[in-house]
Amino acid sequence: MNNSASLPLVIGLGELLWDCFGDDRRPGGAPANVAFQANQLGCRGTVVTRVGQDDLGRELLDFLKKQQLSTDYVQVDENYPTGTVTVEFTDANDPQYTIHEQVAWDHLDFTAPLATLMGDARAVCFGTLAQRDADSREAIHQCLAATSDDCLVVYDINLRQKYYDRDWIERSLKAARVVKLNQDEVEVLSELLGVSQDDLQKFADQLQADYGVEAICITRGSQGCLIYAEGEVYDIPGTPVEVADAVGAGDAFTAALISRRLLGWSWDRAALFANRVGGLVASQSGAMPVLRDEFEQLSQEIKNS
Ligand SMILES: Nc1ncnc2c1ncn2[C@@H]1O[C@H](COP(=O)(O)OP(=O)(O)OP(=O)(O)O)[C@@H](O)[C@H]1O
Ligand SMILES: O=C(O)C(=O)C[C@H](O)[C@H](O)CO
């Protein structure tokens, strides 16, 4: 298991679920994808979530064990089923998600072992979707409050369907040091918060000033990403790939950015790596393809470039 105490602990806090593609299903859930990828990227990726006491939940636990991730912080709910999402495509680059309701990950409990775990975390990634029910929303913010001052708290906004609200987003922005969003989410957020989107620099400045966010990262599919941090803007182009499906590309990007920032890489080098990792995942099916060796090779290449 990738659980050596010397590896930085990276928590994916929120949903672990099944992505259902027609007759096929694969493990998913944005924060779980981040933890899974962080584990492949040299960190101790750990999922904090809740599954049902059912076959789908047991299969997810087996999957995590097989992939060398801890199941110690996957709670099992006696009343609600394991989460599922229907994924549909009109375009492989643009998956559409139908997130089914009343599921176990909506009802996370904040516990003493969780508080201890969060205190040890070097980074945490959370999103908006898992905050749709007050149970998990409160547990998530209790977890965030239990992190240390130097923990890299990353809010990967991930707006899905109708499952967001201005108050939840503002509370999350205030809790985060790094915010990641895509161009569609910039549009929604600008309207919701009354922040300018005509000029992305102004948009970033305003998020930084109003919510105390240190870095804003805007993903742009095959075009790469923009990062606003430390008074600089980094425009890092992508390396186009042949897309199998873009499910989990953004989460892999986030995990890669986190893992290399924890190693002390500069923003631009970490973003270059994250773009390539996101592209690699987009070139494969599902959110959690096994790519450990490919990531390591890429990391060496970019580190030495
Ligand atoms: N077709 C592609 N070619 C090359 N790189 C890609 C491609 N699609 C995605 N990537 C890489 O992955 C990153 C994230 O992709 P994308 O912008 O689609 O994610 P996202 O919208 O943030 O995802 P999500 O909302 O699912 O978290 C991009 O910034 C880019 O670096
Ligand atoms: O967790 C989310 O935000 C989802 O939309 C779940 C997806 O099905 C997918 O695994 C993550 O991008």
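Data overview
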{"read-out": "Any chance Ser299 is open to solvent by less than 70 Å² (accessible area, probe 1.4 Å), under 16 Å from the mean Cα position of the chain (by Cα), more than 16 Å from ligand 2 (Cβ to nearest atom) and not basic (Lys, Arg)", "value": "no"}
{"read-out": "Residue ranges of strands (runs of 3 or more DSSP E) in the stretch 1-117 with at least 2 members hydrophobic (A, V, I, L, M, F, W, C)", "value": "9-13, 17-21, 44-52, 74-77, 84-89"}
{"read-out": "Lone qualifier among Ile140, Ile157 - being within 16 Å of ligand 2 (Cβ to nearest atom), among the aliphatic types (A, V, I, L, M) and touching a residue at least 60 places away in the same chain (Cβ under 8 Å)", "value": "Ile140"}
{"read-out": "Total residues in the stretch 223-264, condition touching a residue at least 60 places away in the same chain (Cβ under 8 Å) and of a type in the set (Val, Ile, Thr)", "value": "4"}
{"read-out": "Residue check for Val281: near ligand 1 (Cβ under 8 Å from one of its atoms), among the β-branched types (Val, Ile, Thr), part of a loop (DSSP other than H, G, I, E, B) and closer than 30 Å to Asp23 by Cβ", "value": "no"}
{"read-out": "Any hit, the stretch 240-262, residues being more than 16 Å from ligand 2 (Cβ to nearest atom), surrounded by fewer than 19 Cβ atoms within 10 Å (Cβ to Cβ), modelled with pLDDT of 95 or more and among the hydroxyl-bearing types (Ser, Thr, Tyr)", "value": "no"}
{"read-out": "Index of the failed condition, Leu181 passing every other in (1) closer than 21 Å to Gly248 by Cα; (2) surrounded by fewer than 21 Cβ atoms within 10 Å (Cβ to Cβ); (3) under 15 Å from the mean Cα position of the chain (by Cα)", "value": "(2)"}
{"read-out": "Test: Tyr163 is at pLDDT 95 or above and over 19 Å from Thr128 (Cα atoms)", "value": "no"}
{"read-out": "Index of the failed condition, Ala38 passing every other in (1) buried (at least 20 other Cβ atoms within 10 Å of the Cβ); (2) farther than 22 Å from Leu181 by Cβ; (3) touching a Gly at 6+ places or on another chain (Cβ under 6 Å)", "value": "(2)"}
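The values are calculated or read from the model by the stated rules, or taken from the named source; none is laboratory data. Because the structure is predicted, anything quoted here is derived from the model rather than measured. Reconstructed Cβ throughout: ideal geometry from the backbone, glycine too, with neighbour counts over all protein chains shown. Accessible surface is based on the protein model in full, side chains and every heavy atom, while ligands, DNA and RNA are left aside. Shrake-Rupley method; radii C 1.70, N 1.55, O 1.52, S 1.80 Å.
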